[in-house]
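This is the structure I have questions about; it appears just below.
The values are calculated or read from the model by the stated rules, or taken from the named source; none is laboratory data. Given the structure is predicted, the values throughout are model-derived calculations rather than measurements. Here the Cβ is made from the backbone with ideal geometry for all residues, glycine too, and neighbour counts use every protein chain on show.
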Amino acid sequence: MEAARLLRQGIAEAEVARRVGVHRQSVNRWAGELAAKGRRGLKQAGRAGRKPRLDEKDLEKLERGLQRGPEALGYSNGLWTTARVAALIEQEFGVEYHPGHVWRILRRLGWSCQRPSGRARERDEERIRWWKQVRWPAIKKKRAGRGASSSSSTRAD
């Protein structure tokens, strides 16, 4: 609407594009719509691309399923992966999503990527400290000492 206001003031399309922060071709298309249909023509622009396969009601149901946790679906741990979420979506709604695209749905729901710390529960900090201080220095390679120089010198005498 800001672009329409500027165009009606007679400002050049390139300048409007710069001020609004869009490509000049977009402003050119808007100017054509404005001339043909007025401001109403600009408001009628719908969403671009394919309609989503899950509506708002489906997303609410999916969120409830995610909050129950993966254990409720029979998984052994409480870690949601995109493959598991894709399986949940297919099971609940009959819609297939590639696991590589599920993150968009999760982001839309406000879920973020969480990675486990990766440390074993059986981790023995005292034994690790001993290994670093005693065992590692004993087996670590030492630098070779300075020996005699090579007999194949490349320098001219």
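So for the stretch 17-39 (the condition being surrounded by 14 or more Cβ atoms within 10 Å (Cβ to Cβ), farther than 22 Å from residue 1 by Cα and not polar (S, T, N, Q)), does at least one residue qualify?
no
Continuing with the same structure: Return only the number of the condition from (1) surrounded by 10 or more Cβ atoms within 10 Å (Cβ to Cβ); (2) over 30 Å from residue 94 (Cα atoms) that residue 61 does not satisfy.
With (1) surrounded by 10 or more Cβ atoms within 10 Å (Cβ to Cβ); (2) over 30 Å from residue 94 (Cα atoms) applied to residue 61, the lone miss is (2).
Follow-up. Could you tell me which numbered condition residue 25 fails, if it satisfies all but one of (1) in a helix (DSSP H, G or I); (2) under 19 Å from residue 106 (Cβ atoms); (3) free of Cβ contacts under 8 Å to residues at least 40 places away in the same chain?
(2)
Still on this model: Would you mind finding the one in 37, 61 that is touching a helix residue (DSSP H, G or I) at 6+ places or on another chain (Cβ under 7 Å) and without any contact (Cβ under 8 Å) to a residue 60 or more places away in the chain?
Only one candidate qualifies: 61.
Name the single residue that is nearest to residue 94 (Cα to Cα) among those in the stretch 12-52 being among the charged types (D, E, K, R) and at pLDDT 90 or above.
24
Shifting gears a bit: Among the residues of the stretch 47-102, how many are of a type in the set (S, T, N, Q) and more than 22 Å from residue 114 (Cβ to Cβ)? Let's see the steps before the verdict.
Residues of the stretch 47-102 of a type in the set (S, T, N, Q): 67, 76-77, 81-82, 91.
After this cut, where a residue has to be more than 22 Å from residue 114 (Cβ to Cβ) as well, the list is 91.
Qualifying residue count for the region: 1.
List every residue pair whose Cβ atoms lie under 9 Å apart, where the two residues are 6 or more positions apart in sequence or sit on different chains, the first residue falls within the stretch 9-21 and is in the same structural domain as residue 35 (by TED's automatic domain parsing), and the second residue, located anywhere, is part of a helix (DSSP H, G or I) and polar (S, T, N, Q).
From residues that are in the same structural domain as residue 35 (by TED's automatic domain parsing), the pairs are 13/28; 17/25; 17/26; 17/28; 20/26.
Test each condition in (1) touching a Gly at 6+ places or on another chain (Cβ under 8 Å); (2) in contact (Cβ under 8 Å) with a residue 24 or more places away in the chain for residue 78 and report the one that comes out false.
Unmet for residue 78, out of (1) touching a Gly at 6+ places or on another chain (Cβ under 8 Å); (2) in contact (Cβ under 8 Å) with a residue 24 or more places away in the chain: (2).
A further question on this structure: Residues in the stretch 92-113 that are among the hydroxyl-bearing types (Ser, Thr, Tyr) and within 17 Å of residue 73 (Cβ to Cβ): how many?
Of the residues in the stretch 92-113, 1 are among the hydroxyl-bearing types (Ser, Thr, Tyr) and within 17 Å of residue 73 (Cβ to Cβ).
Any chance you could count how many residues in the stretch 99-124 are part of a loop (DSSP other than H, G, I, E, B) and either within 30 Å of residue 55 (Cα to Cα) or of a type outside the set (S, T, N, Q) (or both)?
Going through the stretch 99-124 one residue at a time, the tally reaches 15.
Sort out which residues of the stretch 63-98 are among the charged types (D, E, K, R) and not in a helix (DSSP H, G or I), and write them in order of number.
The one that is among the charged types (D, E, K, R) and not in a helix (DSSP H, G or I): 96.
For the stretch 87-109, give me the residue count where each residue is over 12 Å from the mean Cα position of the chain (by Cα) and either surrounded by 10 or more Cβ atoms within 10 Å (Cβ to Cβ) or not assigned by TED's automatic domain parsing to the domain that holds residue 66 (or both).
Matching residues across the stretch 87-109 total 12.
Next question. Output the residues belonging to the stretch 73-82 that are surrounded by 12 or more Cβ atoms within 10 Å (Cβ to Cβ) and either at positive phi or not aromatic (Phe, Trp, Tyr) (or both).
Listed by number, the residues that qualify are 73, 79, 81, 82.
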